[in-house]
Every structure is written in C-alpha cells, then in structure tokens.
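S.K.: Structure in structure tokens, see below.
The values are calculated or read from the model by the stated rules, or taken from the named source; none is laboratory data. Treat the numbers as computed from the prediction; the structure is a model and nothing was measured. Positions of Cβ are backbone-derived with ideal geometry, glycine not excepted, and every protein chain shown enters the neighbour counts. Accessible surface is based on the protein model in full, side chains and every heavy atom, while ligands, DNA and RNA are left aside. Shrake-Rupley method; radii C 1.70, N 1.55, O 1.52, S 1.80 Å.
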Amino acid sequence: MSLLKEYDTNTVDVAEGLSWGGLTMPFVMQQKEGSCFSVIEYSPYEKDLLSKPLKTPAFCRGWGIWSELQHTRSGDRHFFVLFWNPFTEKHHPQILNTLGVTVEKQNFLPYFAQEAQEVLREIQTVTEARLLEYQDLMDFLSFTLSMGENRAEMPYIPLYMDALLSQDIDFQFTDNDLYVNGKRVAILTLPSLPDASELIRHVGKIPFRYVRRMLFFSEAETKTELKRYAGKWCPLRKTMRERILEGIPSELNGYCYNGFLFHLEESMDEEFCDDVRDFLTERQLPFLFETFNLKDIWWGSLPGMYLANITPPLLGLPSVESMLCHREAVREGERQHRFKHLLDAMEQDKPDKKGADLEYVSDGSISS
C-alpha cells in the first residue's frame, strides 16, 4: 500500500478498524496490512544550544513517528513510536522505501527491528530510553484506547491484538462524537506546534494524551507535494508564495498533527472546555476543539493508524527532537557549572588590548 488512502471513520467495530495484528518480535507490532511499529519509552531531557543533536535518518514516504505523553495523577510517561509501511512491487525483489540500504522483501521484519534499535541507541546518547516489549507494549496501547481504565493481559500467543485490546472497552460512536466507557472524547488541536508545557500543567488534574504525529516525505517528495498543493497560490506573486512556504522543506517533512485528547465526565465537560478556551485565548494561541473531524483525528492518534487524519499541508521541522518532550531549563547556577569549561576557554581567548569591543559576561553570553 504505497499510497495514502482515505480512512473509513464510520465503523462502529473498533476491532475491525484497528490495524494492530500481533507481536511477531518481542518489541515489534506487525499490523494486519503488513506495516509495523515499535515503541520507545524515554525520559524527557534538557535541550539547549550546547546539547548533543540527535542524528535524523533520511525518512521518506511510508515512515512515520508518533510522540505521546500519557498523563495520569500518578505521573507522566513519554513514548516515541517508530512506524514503517514497506512499499513493494510484484516483480521487484527489494523493498522500495528503506533508509538507504537494499533489503529483500522477506527480510523486512529483521530490517525494521534493526532500525528501531538504532533509533533507541541514538536516543540513549542523550537520555534514558528502552524498547517496550510484550506486556509493556500492550499496556501502552491499552492506555491509548481507554486512558488507563482498561488493561488486557498478554496471551500465550500474542496475536489478534485488535480484538484483544478493545473487547472490554465500551465505544459509542455518534454523528460527531465518540464516547469511551461513557466519557466523551474531547480533542484539542494546536496547529501552531507551540510549547505546550504551560497547558500541560494547567490541565494536569485529569488524565490525558498529548499526541504529535508526523507521516514523512523525502525532500524530493516534499517538493513534488508542495508543487501539487500550493502551485496555484499567488499566481502573479511568486515571491509571496515562496515567503508563505519558507522553511519547507526542512530536515523533517510531512503531514503533522499536534493535539490533546481528554475523556470527560458529563458533569465537568462544559466547565473544563470553557476553562481551556479561556486559558489559550489569554495566551493568544490558535486552537480548535474538534467536532466534525473528531473521529478521524482520534483514529489517527492511535499508533500505527496511518491511514486516518491525513491532512495537508506539509510541515517542515528542524530535527526529530522537535517531536520529543524536554525538561525545562536548569537553574542558573547549574547552567554555569555545566558551561564552566566553555567559560574558561572564552576567558583565555579574551583580547588583551584595552577597550576591547567584546565583553564576556558571567552567564556565558557575549555583549558588545
């Protein structure tokens, strides 16, 4: 399935709609149509100008990532989902969308496992991380469906995950709403990819999922898609069109989604949504509580459900770190201690002549 197709959001049988098949390796979920994904749990880490950058693979069409924060009153857990849908042709022995290597069709699973382990090792250079296996992977997926209210035990043969993980959860689909175990699913979309740390603290009294997803395009695919999508914009003002699309392509390019999912009791539904609206309006952040597209976005928020919520235009991000959660900056004293080696080097490089143009100040910045 090398093309993205419209996803059917009208189904009321969640097991039928889910692509999850079975664990064909301890940390790999193989889906019913042939795609697969792995889940890495990681600890948020501090990111600043001197932090080691993560290497970004040359992702192309068929690859994707979900970044998810699962919040409960007992704490937060952060996850990074690596997804791959291998593209094949009937008379071609190799897979068409690997990350720069030649892979035979029958070796797609070991190859993906190798790529997942490589991503894990790269994340481990900056923070603690692990690949979820067996029951831990099932618990993660159970939370995405029920917000932690239901849990399924892993069977001896870990197959039919679509039915197993959804069978004890009460799903009710209406025209523009979805209810899970009697609670209405509210979806808050933040299209501008803002720093969500304040909002996370503000809504922290109830469980939620904060999901970011990107379905990738290569640089060449990005240019083709942009030409198709925006080719007729400002036909007499080519410079204006270029300014609108400035920053695309970037290191990572693709269809991106960013939003929060809540399961709300009827007694708190209206009051909670009004409070969030006031909070975001006060900070002048664009937002949307979804209605018509709610079910499509909910399906697309679930790991591996790449056929749902396919919404252009493309977005360009500087690195894979843009999709991860980071800790707030360290205190000033700790920062100065971390940067002491840099300050010492800068001190040695000070110009000796009197009245130098540059002055090195104690916090590591440079003033004129």
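S.K.: Quick one: Karplus J couplings for the range 110-117, per residue in order, coefficients 6.51, -1.76, 1.60, θ = phi - 60°, nearest Hz, x for Gly and Pro?
M.R.: Values per residue, Gly and Pro as x: x, 5, 5, 4, 5, 5, 5, 5 Hz.
S.K.: Related question: Do any chymotrypsin sites (Phe, Trp or Tyr not before Pro) in the range 187-233 lie in a loop, going by DSSP, with at most 14 other beta-carbon atoms within 10 Å of their beta carbon, and if so which?
M.R.: Trp233
S.K.: Turning to a different aspect of this structure: For Thr102, what is the net charge nearby, where nearby means another residue's Cβ is under 15 Å from its Cβ and Lys, Arg count +1, Asp, Glu -1?
M.R.: -2
S.K.: For the range 273-285, just list the computed ³J(HN,Hα) in residue order, Karplus coefficients 6.51, -1.76 and 1.60, θ = phi - 60°, integers in Hz, with x standing in for Gly and Pro.
M.R.: So the Karplus estimates, Gly and Pro as x, are 5, 4, 5, 5, 4, 4, 4, 6, 5, 4, 8, 6, 9 Hz.
S.K.: Here is a further query. Please identify the chymotrypsin sites (Phe, Trp or Tyr not before Pro) of the range 86-171 that satisfy two criteria: DSSP loop assignment and at most 12 other Cβ atoms within 10 Å. Which are they?
M.R.: Tyr156
S.K.: Counting only the heavy atoms of the protein chains, how much of Asp76 is accessible to a 1.4 Å probe, in Å² to the nearest 10?
M.R.: It works out to around 80 Å².
S.K.: Related question: At what distance in angstrom do the alpha carbon centres of the range 112-173 and the range 287-306 lie from each other?
M.R.: 19 Å
S.K.: Using the Karplus curve 6.51 cos²θ - 1.76 cosθ + 1.60 with θ = phi - 60°, what ³J(HN,Hα) values do you get for each residue of the range 225-241, in whole Hz, with x for Gly and Pro?
M.R.: Here the 3J(HN,Hα) series is 5, 5, 5, 5, 7, 10, x, 9, 5, 6, x, 9, 9, 4, 4, 5, 4 Hz.
S.K.: Okay, next question. Which of the GluC sites (Glu not before Pro) across the range 222-266 are loop residues per DSSP, with 16 or fewer other Cβ within 10 Å?
M.R.: Glu246, Glu251, Glu265, Glu266
S.K.: Here's another thing I want to ask about it. I need the calculated FRET efficiency for the pair Ser43 and Ser319, taking r as the beta carbon distance and R₀ as 22 Å, to the nearest 0.05.
M.R.: Efficiency at R0 = 22 Å is approximately 0.75.
S.K.: Could you give the length gained on full extension between Gln117 and Cys234, defined as 0.36 nm per residue of separation minus the Cα-Cα distance, in nm?
M.R.: 37.6 nm
S.K.: Once label points are set 7 Å from the Cα along Cα→Cβ at both Arg277 and Arg130, what is their separation, rounded to one decimal in nm?
M.R.: It is 4.3 nm.
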